[in-house]
Structures are given as structure tokens and as C-alpha cells.
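The values are calculated or read from the model by the stated rules, or taken from the named source; none is laboratory data. Bear in mind that the values here come from a model prediction, so they are computed numbers and not experimental data. FYI the Cβ positions are ideal-geometry reconstructions off the backbone, even for glycines, and counts take in every protein chain you see. Please note that ligands, DNA and RNA were not included when accessible areas were found on the heavy atoms of the full protein model with its side chains. Shrake-Rupley method; radii C 1.70, N 1.55, O 1.52, S 1.80 Å.
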Amino acid sequence: MTKFLLALHVLVAIVAIGPVTVAASMFPPAARRALADPGDPRAAETVRLLHRICRVYAGIGVGVPVLGFATAQSMGVLGDAWLIVSIVLTTCAAAVLLALVLPRQEALLDAVDGAGPGAASHAGTAAGGPDAPTAVPGTGAATDTAAPDTRTATGTAGSMDSPDTAAVAAGPRATVRLAMFTGIFNLLWATVTVLMIVRPGSTTGA
């Protein structure tokens with residue numbers, strides 16, 4: 001039973017945590033490319049796919065500590081220092097992922113979607129589309145079919161965050177911060193992996 005639990009624990013760790021670390025590391029540069037070229041649908045789709053991978057496999061990764069506890073109990077090492085340190089580091093890694101990495105990914109994804117071709121098309125419609133003022137033949141005047149007070153509408157639009165403003169707010173500096181938190185997450189998991197292999201001070205053998 002111990003060998004079965006250990007094998008299952010290792011397999012779930014590889015399957016769940018591996019994709020998260022890779023996808024999370026690829027997300028910041030992919031977001032930078034998508035923000036730099038809002039008209040590229042493939043860049044935006046790549047960002048969405050990477051974020052989806054992180055979310056899905058983060059949920060699967062819940063099974064890693066659960067199987068880890070079961071394996072440790074079967075091996076009789078619940079009180080070992082290396083395991084306690086591993087538990088603390090795993091908790092820190094989960095906190096970084098849930099509180100710092102995924103929310104920032106979602107913010108950048110919103111900025112990418114807001115700066116995409118759909119937002120530009122909406123802006124074009126607002127500026128000169130079907131709802132724009134139309135001239136009445138023979139009068140030289142324009143009839144506003146969109147709103148009775150165009151100045152109020154313009155002022156309201158100007159006060160709202162445009163897609164370009166959102167892209168600037170979630171620009172390169174935001175991707176750099178995200179890359180930093182992602183690096184911390186990866187480092188924590190790498191440390192846990194080393195502890196699981198080396199098991200310093202363990203009385204059960206390395």
C-alpha cells in the first residue's frame with residue numbers, strides 16, 4: 001500500500017504541478033505579445049489557453065498534498081522535520097498561486113480581451129457607426145439618433161477606461177510582477193521536490 005500511495009502521489013504531482021509551472025512561466029511573455037499586438041487573435045487565444053491550463057491543473061493539484069499526507073502516514077514520517085518543512089512550503093506555494101498568480105493572470109487576460117479587435121470595432125461603431133449623427137438632406141443640419149446630448153455622451157465616454165488605458169495599466173510592468181510571483185511559485189515547488197527526494201534527517205532511508 002505504501003508503494004502504491006507513493007507512486008500515485010508522484011504521478012499526480014507530475015501530471016498536475018508540471019503543467020501549471022510550465023504554463024504559468026509561459027503566460028507573462030505571451031501576455032506581453034498579446035498586449036503589444038491587440039489585433040493578433042492567435043496571441044490572445046494563447047493567453048486564454050495558458051490561463052485555462054493553470055486554473056484546471058491547479059484544481060487537480062489539490063490531490064497532491066492529500067496523497068502526500070496519506071503516503072507520509074503510511075511511511076510513519078509525519079513528524080519528520082523535512083516533511084513539516086515540505087508542508088509549509090507547499091502551503092506557501094498554493095497561497096502564491098491562488099492569491100498572486102491567478103488573479104494577475106485574470107487581470108492581464110481582461111486587458112488583452114479589452115484591447116482586442118472586438119473592442120476596436122466597438123469603438124469604431126461608437127465613433128461613426130449606425131448610431132452616429134446623420135445629416136438631414138436640404139437642411140445642412142445633423143440629427144443625433146444616438147443620444148439627445150452628445151456632449152454628455154462624449155464626456156461620459158472620456159471618463160471611462162478605454163481598452164488602450166486598460167492595456168497600459170496591465171502592461172509590461174504588470175507582466176514583470178507576474179513573472180516574479182510565478183518564479184517564486186516555481187522555486188517553492190522545486191524546493192519541495194528536492195526535499196521529497198533527499199529527505200534530510202530521515203530515519204527511513206533516502
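Restricting attention to the range 26-40, which residues are more than 16 Å from Gly183 (Cβ to Cβ) and touching a residue at least 40 places away in the same chain (Cβ under 8 Å)?
Ala34, Leu35, Pro38, Gly39
With the requirement that a residue be in contact with a helix residue (DSSP H, G or I) (Cβ under 8 Å, 6 or more places away or on another chain) and open to solvent by less than 70 Å² (accessible area, probe 1.4 Å), what does the range 95-112 give you?
Applying the first criterion (in contact with a helix residue (DSSP H, G or I) (Cβ under 8 Å, 6 or more places away or on another chain)) to the range 95-112 yields 96-98, 100-102, 104-112.
Result: Val96, Leu97, Leu100, Val101, Leu102, Gln105, Ala107, Leu108, Leu109, Ala111, Val112.
For the range 1-17, enumerate the residues that are in contact (Cβ under 8 Å) with a residue 24 or more places away in the chain and part of a helix (DSSP H, G or I). Outline the logic, then answer.
First pass over the range 1-17, keeping only residues in contact (Cβ under 8 Å) with a residue 24 or more places away in the chain: 1-2, 5-6, 8-9, 12-13, 15-17.
Answer for the range 1-17, where residues must be in contact (Cβ under 8 Å) with a residue 24 or more places away in the chain and part of a helix (DSSP H, G or I): Thr2, Leu5, Leu6, Leu8, His9, Val12, Ala13, Val15, Ala16, Ile17.
Any chance the range 50-58 includes a residue that's within 28 Å of the chain's Cα centre (by Cα) and within 16 Å of Leu11 (Cα to Cα)?
Of the range 50-58, the ones within 28 Å of the chain's Cα centre (by Cα) are 50-58.
Checking which are within 16 Å of Leu11 (Cα to Cα) leaves us with 57-58.
Among the residues of the range 50-58, at least one is within 28 Å of the chain's Cα centre (by Cα) and within 16 Å of Leu11 (Cα to Cα), which makes the answer yes.
State whether one or more residues within the range 31-40 are in a helix (DSSP H, G or I), surrounded by fewer than 18 Cβ atoms within 10 Å (Cβ to Cβ) and within 19 Å of the chain's Cα centre (by Cα).
If we filter the range 31-40 for residues that are in a helix (DSSP H, G or I), which is where we start, we get 31-36.
From the residues that got through so far, the ones that are surrounded by fewer than 18 Cβ atoms within 10 Å (Cβ to Cβ) too are 33, 36.
Narrowing the set further to residues that are within 19 Å of the chain's Cα centre (by Cα) leaves 33, 36.
Taking every residue of the range 31-40 in turn, at least one turns out to be in a helix (DSSP H, G or I), surrounded by fewer than 18 Cβ atoms within 10 Å (Cβ to Cβ) and within 19 Å of the chain's Cα centre (by Cα).
Condition first: open to solvent by 60 Å² or more (accessible area, probe 1.4 Å) and touching a residue at least 60 places away in the same chain (Cβ under 8 Å). Now tell me which residues in the range 43-74 satisfy that.
Listed by number, the list holds a single entry, Arg48.
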